[in-house]
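Student: For reference, the structure I am asking about is given below.
The values are calculated or read from the model by the stated rules, or taken from the named source; none is laboratory data. Computed from a predicted structure; not experimentally measured. All Cβ positions, glycine included, derive from the backbone under ideal geometry; neighbour counts span all protein chains shown. In case anyone asks, the SASA skips ligands and DNA or RNA and just uses the protein heavy atoms, side chains included. Shrake-Rupley method; radii C 1.70, N 1.55, O 1.52, S 1.80 Å.
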Amino acid sequence: EDADSLNLELQVLQNGKLIRTITNKNQKDFKTWPGGPSKPAVLPSKMGYNRFSWNFRKETLPAVDKVFVYGNYSGSSVAPGNYVLRLSLGDKVAETEVTILPNPKIKASKSDFDEQQSVLDQIENTIKNIHESVTQIRSAKKQLKSYEELLKENEVATDLLEKGKELIKRIDSWEQNLIQPNQKTFQDVINYNNQLNAQLMHLKGFVDNSDPKVTQGSKQRLADLLADWKTYENEKKAIVNTEMAAYNKMYTDLRLPALILKE
């Protein structure tokens, strides 16, 4: 039957954990740009016989809106092993277990693959945390700029506006260590250095290859990048828990209305 109007979903599970979901629906809010994510794969669901090839990769990484990244948003490759494929259409569910075999031309142990997957998971989780944190803080910065515009002629809010400007500067400084907003094409890498997210993406691409043995250099590089992220993660907490909290208190103390009509 033609199932385009129904929700068809393919889930990939490893040891009971969901690692990838593909559906037959196009993401209505999906958008891309140079250096942005690729269009998500979609399950075919026309009447007749349909075929879809899973590329053995985990979930695609989230992006920061309109930010160019010289890197790959694709999820990393899975290791040889057993996986469950679960196809659901309404209340109908079909499930099967598949085994991905190791490349016979590569001499590697299970522990090699386990270490590779552990490193890739750390890298991907960190990229995800960085991008989601930047998106979250950008939303707060947008609100600060909105209040700056609405209250710029209100003498009572002078100190609040100054506090907001200082907070925006601190947010910009924090953000510019995590992403590179000045890159618009791959050639801009010459003039504007890659920041933490792009460096992690580069490391992901280096580690994610058919030979699972993770080099000592890769481990050390990851340790350095994770230490950097820890610093910026702590800075984010300070911005949210101290600076934003202080701004919110000043706003509350001034008894400003939630909705403001400009003169």
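Student: Only one of Ile127, Ile106, Ile123 is out of contact with any Ser or Thr (no Cβ under 9 Å at 6 or more places or on another chain), open to solvent by less than 50 Å² (accessible area, probe 1.4 Å) and either in a loop (DSSP other than H, G, I, E, B) or of a type outside the set (Asp, Glu) (or both). Can you tell me which?
Tutor: Ile127
Student: Filter segment 13-29 down to the residues that are open to solvent by 60 Å² or more (accessible area, probe 1.4 Å) and assigned to a loop (DSSP other than H, G, I, E, B) and list them by number.
Tutor: The answer is Asn15, Gly16, Lys25, Asn26, Gln27, Lys28, Asp29.
Student: Please go through segment 241-259 and give me each residue that is in contact (Cβ under 8 Å) with a residue 24 or more places away in the chain and either under 14 Å from Ile168 (Cα atoms) or open to solvent by 40 Å² or more (accessible area, probe 1.4 Å) (or both), ordered by number.
Tutor: The answer is Glu243, Met244, Ala246, Tyr247, Met250, Leu254.
Student: Among the residues of segment 33-51, are any in contact with a helix residue (DSSP H, G or I) (Cβ under 9 Å, 6 or more places away or on another chain) and more than 18 Å from Leu203 (Cα to Cα)?
Tutor: Checked segment 33-51: at least one residue is in contact with a helix residue (DSSP H, G or I) (Cβ under 9 Å, 6 or more places away or on another chain) and more than 18 Å from Leu203 (Cα to Cα).
Student: From the set of residues in segment 136-148 that are out of contact with any Gly (no Cβ under 7 Å at 6 or more places or on another chain) and touching a residue at least 12 places away in the same chain (Cβ under 8 Å), which is most open to solvent (accessible area, probe 1.4 Å)?
Tutor: Result: Lys145.
Student: OK, next. Consider Arg86 carefully, then state whether it is closer than 30 Å to Asp112 by Cβ, assigned to a strand (DSSP E or B), among the basic types (Lys, Arg) and open to solvent by 40 Å² or more (accessible area, probe 1.4 Å).
Tutor: When the stated conditions are applied, Arg86 passes them.
Student: Within the group Asn193, Asn182, which residue is in contact with an Asp or Glu (Cβ under 8 Å, 6 or more places away or on another chain) and at pLDDT below 95?
Tutor: Asn182
Student: Quick one: which residue in Gln176, Gln180 is surrounded by 15 or more Cβ atoms within 10 Å (Cβ to Cβ) and closer than 30 Å to Val214 by Cα?
Tutor: Selected residue: Gln180, the only one of Gln176, Gln180 that is surrounded by 15 or more Cβ atoms within 10 Å (Cβ to Cβ) and closer than 30 Å to Val214 by Cα.
Student: Which condition from (1) farther than 30 Å from Pro102 by Cα; (2) out of contact with any His (no Cβ under 8 Å at 6 or more places or on another chain) is the one that Asn194 breaks?
Tutor: Status for Asn194: all satisfied but (2).
Student: A further question on this structure: Can you name every residue in segment 52-83 that is in a strand (DSSP E or B) and either of a type outside the set (Gly, Ala, Ser) or surrounded by fewer than 16 Cβ atoms within 10 Å (Cβ to Cβ) (or both)?
Tutor: Correct list: Arg57, Asn82, Tyr83.
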